[in-house]
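Everything below concerns the one structure shown next.
The values are calculated or read from the model by the stated rules, or taken from the named source; none is laboratory data. Computed from a prediction, not measured in an experiment: that's the story for all the values here. Heads up, the Cβs are rebuilt from the backbone with ideal geometry, glycines too, and the neighbour counts pull from every protein chain shown.
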Amino acid sequence: MTPFRRRGDRMEAGFVPAESAVLTLLLDELEQLLAGDGGAVGDPVVARLFPAGHASDPELARDYRELTESSLREGKAEDLALVRATIPVEGGAVRLDVDQARSWLRTTNDLRLALGARLGITAEGAPEDTDEAQLSVYHWLTALQGSLVDALVAGGSRPR
(Lines give C-alpha, C1' and ligand atoms only; values in the text may rest on other atoms or scores of the structure.)
Protein backbone atom coordinates (compact mmCIF):
# COMPACT_ATOMS: atom_id res chain seq x y z
CA MET A 1 0.00 0.00 0.00
CA THR A 2 1.07 3.49 -0.75
CA PRO A 3 -0.15 5.36 2.35
CA PHE A 4 -2.72 8.12 2.10
CA ARG A 5 -1.26 11.54 1.39
CA ARG A 6 -2.93 14.90 1.07
CA ARG A 7 -3.01 16.33 -2.45
CA GLY A 8 -4.83 19.65 -2.27
CA ASP A 9 -8.38 18.87 -1.17
CA ARG A 10 -8.04 15.12 -1.88
CA MET A 11 -6.56 12.19 0.00
CA GLU A 12 -4.77 9.69 -2.24
CA ALA A 13 -3.40 6.20 -1.65
CA GLY A 14 -2.45 3.20 -3.75
CA PHE A 15 -3.42 -0.43 -3.31
CA VAL A 16 -2.04 -3.59 -4.86
CA PRO A 17 -4.66 -6.13 -6.03
CA ALA A 18 -4.21 -8.37 -2.95
CA GLU A 19 -4.89 -5.43 -0.61
CA SER A 20 -8.04 -4.52 -2.52
CA ALA A 21 -9.16 -8.16 -2.31
CA VAL A 22 -8.54 -8.36 1.46
CA LEU A 23 -10.36 -5.08 2.05
CA THR A 24 -13.30 -6.26 -0.06
CA LEU A 25 -13.47 -9.54 1.90
CA LEU A 26 -13.46 -7.65 5.20
CA LEU A 27 -16.22 -5.37 3.92
CA ASP A 28 -18.29 -8.43 2.94
CA GLU A 29 -17.98 -9.79 6.47
CA LEU A 30 -18.84 -6.45 8.06
CA GLU A 31 -21.81 -6.06 5.74
CA GLN A 32 -23.15 -9.44 6.88
CA LEU A 33 -22.84 -8.34 10.50
CA LEU A 34 -24.63 -5.05 9.81
CA ALA A 35 -27.43 -6.78 7.94
CA GLY A 36 -28.04 -9.11 10.89
CA ASP A 37 -30.72 -8.70 13.53
CA GLY A 38 -28.35 -7.69 16.30
CA GLY A 39 -26.10 -10.72 16.26
CA ALA A 40 -25.78 -13.47 18.76
CA VAL A 41 -26.17 -12.47 22.37
CA GLY A 42 -22.71 -12.00 23.79
CA ASP A 43 -20.99 -11.74 20.38
CA PRO A 44 -17.92 -9.60 21.14
CA VAL A 45 -17.91 -8.08 17.64
CA VAL A 46 -21.50 -6.86 17.88
CA ALA A 47 -20.82 -5.58 21.38
CA ARG A 48 -17.79 -3.67 20.06
CA LEU A 49 -19.61 -2.18 17.06
CA PHE A 50 -22.75 -1.32 19.04
CA PRO A 51 -21.63 -0.71 22.62
CA ALA A 52 -24.13 -0.47 25.43
CA GLY A 53 -25.41 3.04 26.05
CA HIS A 54 -25.20 2.55 29.79
CA ALA A 55 -22.91 0.01 31.43
CA SER A 56 -24.52 -0.28 34.84
CA ASP A 57 -28.23 -0.13 33.93
CA PRO A 58 -29.34 -2.95 31.58
CA GLU A 59 -32.82 -1.48 31.11
CA LEU A 60 -31.44 1.93 30.16
CA ALA A 61 -28.91 0.25 27.85
CA ARG A 62 -31.72 -1.72 26.14
CA ASP A 63 -33.79 1.44 25.68
CA TYR A 64 -30.79 3.27 24.26
CA ARG A 65 -30.10 0.42 21.83
CA GLU A 66 -33.72 0.41 20.66
CA LEU A 67 -33.52 4.14 19.96
CA THR A 68 -30.14 4.21 18.23
CA GLU A 69 -29.18 0.85 16.74
CA SER A 70 -31.18 1.18 13.52
CA SER A 71 -29.68 4.56 12.63
CA LEU A 72 -26.20 3.38 13.64
CA ARG A 73 -26.51 0.34 11.37
CA GLU A 74 -27.79 2.52 8.54
CA GLY A 75 -24.90 4.98 8.87
CA LYS A 76 -22.35 2.18 9.01
CA ALA A 77 -23.93 0.55 5.94
CA GLU A 78 -23.81 3.84 4.01
CA ASP A 79 -20.14 4.35 4.87
CA LEU A 80 -19.38 0.76 3.92
CA ALA A 81 -21.12 1.18 0.53
CA LEU A 82 -19.06 4.29 -0.20
CA VAL A 83 -15.81 2.50 0.67
CA ARG A 84 -16.81 -0.46 -1.49
CA ALA A 85 -17.57 1.88 -4.41
CA THR A 86 -14.17 3.60 -4.17
CA ILE A 87 -11.92 0.53 -3.81
CA PRO A 88 -9.92 -0.16 -6.95
CA VAL A 89 -10.89 -3.82 -7.46
CA GLU A 90 -7.76 -4.64 -9.43
CA GLY A 91 -5.56 -2.44 -7.29
CA GLY A 92 -4.61 1.13 -8.09
CA ALA A 93 -5.22 4.62 -6.84
CA VAL A 94 -7.86 5.73 -4.36
CA ARG A 95 -8.76 9.42 -4.45
CA LEU A 96 -11.10 10.72 -1.79
CA ASP A 97 -12.60 14.07 -0.90
CA VAL A 98 -12.85 14.98 2.79
CA ASP A 99 -16.34 13.50 3.28
CA GLN A 100 -15.36 10.26 1.54
CA ALA A 101 -12.19 10.09 3.63
CA ARG A 102 -14.28 10.39 6.79
CA SER A 103 -16.47 7.49 5.60
CA TRP A 104 -13.32 5.46 4.99
CA LEU A 105 -12.07 6.38 8.44
CA ARG A 106 -15.28 5.26 10.15
CA THR A 107 -15.39 2.03 8.16
CA THR A 108 -11.74 1.13 8.71
CA ASN A 109 -12.34 1.78 12.40
CA ASP A 110 -15.29 -0.64 12.35
CA LEU A 111 -13.16 -3.22 10.52
CA ARG A 112 -10.38 -2.89 13.09
CA LEU A 113 -12.85 -3.12 15.99
CA ALA A 114 -14.46 -6.22 14.50
CA LEU A 115 -11.17 -7.97 13.72
CA GLY A 116 -9.65 -6.92 17.03
CA ALA A 117 -12.66 -8.33 18.91
CA ARG A 118 -12.43 -11.62 17.00
CA LEU A 119 -8.72 -11.88 17.72
CA GLY A 120 -9.09 -10.93 21.39
CA ILE A 121 -6.87 -7.86 21.07
CA THR A 122 -6.94 -5.63 24.15
CA ALA A 123 -5.03 -2.54 25.26
CA GLU A 124 -2.34 -4.95 26.47
CA GLY A 125 -1.96 -6.50 23.01
CA ALA A 126 -2.87 -9.71 21.24
CA PRO A 127 -3.01 -13.16 22.81
CA GLU A 128 0.11 -15.24 22.17
CA ASP A 129 -1.81 -17.79 20.09
CA THR A 130 -3.17 -15.16 17.67
CA ASP A 131 -3.11 -16.17 14.01
CA GLU A 132 -0.19 -14.26 12.48
CA ALA A 133 -1.93 -13.68 9.13
CA GLN A 134 -4.98 -12.14 10.77
CA LEU A 135 -2.79 -10.09 13.08
CA SER A 136 -0.91 -8.80 10.01
CA VAL A 137 -4.22 -7.72 8.48
CA TYR A 138 -5.09 -5.94 11.74
CA HIS A 139 -1.76 -4.09 11.68
CA TRP A 140 -2.24 -3.25 7.98
CA LEU A 141 -5.67 -1.76 8.77
CA THR A 142 -4.05 0.23 11.59
CA ALA A 143 -1.45 1.65 9.18
CA LEU A 144 -4.12 2.41 6.58
CA GLN A 145 -6.25 4.22 9.12
CA GLY A 146 -3.27 6.08 10.55
CA SER A 147 -2.18 7.35 7.15
CA LEU A 148 -5.72 8.53 6.45
CA VAL A 149 -5.89 10.42 9.76
CA ASP A 150 -2.51 12.02 8.98
CA ALA A 151 -3.72 13.07 5.51
CA LEU A 152 -6.91 14.58 6.90
CA VAL A 153 -5.08 16.45 9.64
CA ALA A 154 -2.47 17.76 7.15
CA GLY A 155 -5.20 19.80 5.50
CA GLY A 156 -6.68 21.08 8.71
CA SER A 157 -9.64 18.65 8.58
CA ARG A 158 -10.76 17.03 11.78
CA PRO A 159 -11.15 13.24 11.37
CA ARG A 160 -14.53 13.04 13.23
Those residues that are charged (D, E, K, R) and more than 24 Å from residue 100 (Cβ to Cβ), I need them from region 49-78; list them, please.
-> 57, 59, 62, 63, 65, 66, 69
Taking region 59-103 and keeping only residues that are closer than 19 Å to residue 32 by Cα, polar (S, T, N, Q) and crowded, with 17+ Cβ neighbours inside 10 Å, one is left with 103
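Residues are listed down the side, and each one gets a yes or a no for (1) at pLDDT 95 or above; (2) part of a helix (DSSP H, G or I); (3) in contact with a Phe, Trp or Tyr (Cβ under 9 Å, 6 or more places away or on another chain):
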position	(1), (2), (3)
72	no, yes, yes
79	yes, yes, yes
85	yes, yes, no
89	no, no, no
93	yes, no, yes
99	yes, yes, no
102	yes, yes, no
106	yes, yes, no
Here is a list of conditions, (1) hydrophobic (A, V, I, L, M, F, W, C); (2) in contact (Cβ under 8 Å) with a residue 40 or more places away in the chain; (3) surrounded by 15 or more Cβ atoms within 10 Å (Cβ to Cβ); (4) farther than 17 Å from residue 145 by Cα, and residue 47 meets all of them except one; can you say which number that is?
-> (3)
Does residue 106 count as surrounded by 17 or more Cβ atoms within 10 Å (Cβ to Cβ) and closer than 30 Å to residue 156 by Cβ?
-> yes
Residue count, region 65-82 (criterion: under 12 Å from residue 106 (Cα atoms) and of a type in the set (D, E, K, R)) | 3
Please name all residue pairs, on different chains or six or more residues apart, with Cβ atoms under 7 Å, provided the first residue is in region 87-101 and is closer than 11 Å to residue 13 by Cα and the second residue is crowded, with 17+ Cβ neighbours inside 10 Å and polar (S, T, N, Q).
-> 87/20; 88/20; 91/20
Residue that is in a helix (DSSP H, G or I), in contact with a helix residue (DSSP H, G or I) (Cβ under 7 Å, 6 or more places away or on another chain) and at pLDDT below 95, where the choices are 45, 153 | 45
Single match in 111, 144 (criterion: part of a helix (DSSP H, G or I), in contact (Cβ under 8 Å) with a residue 12 or more places away in the chain and in contact with a Ser or Thr (Cβ under 7 Å, 6 or more places away or on another chain)) = 144
Filter result (in a helix (DSSP H, G or I), surrounded by 13 or more Cβ atoms within 10 Å (Cβ to Cβ) and not small (Gly, Ala, Ser)) within region 114-133 = 115, 118, 119
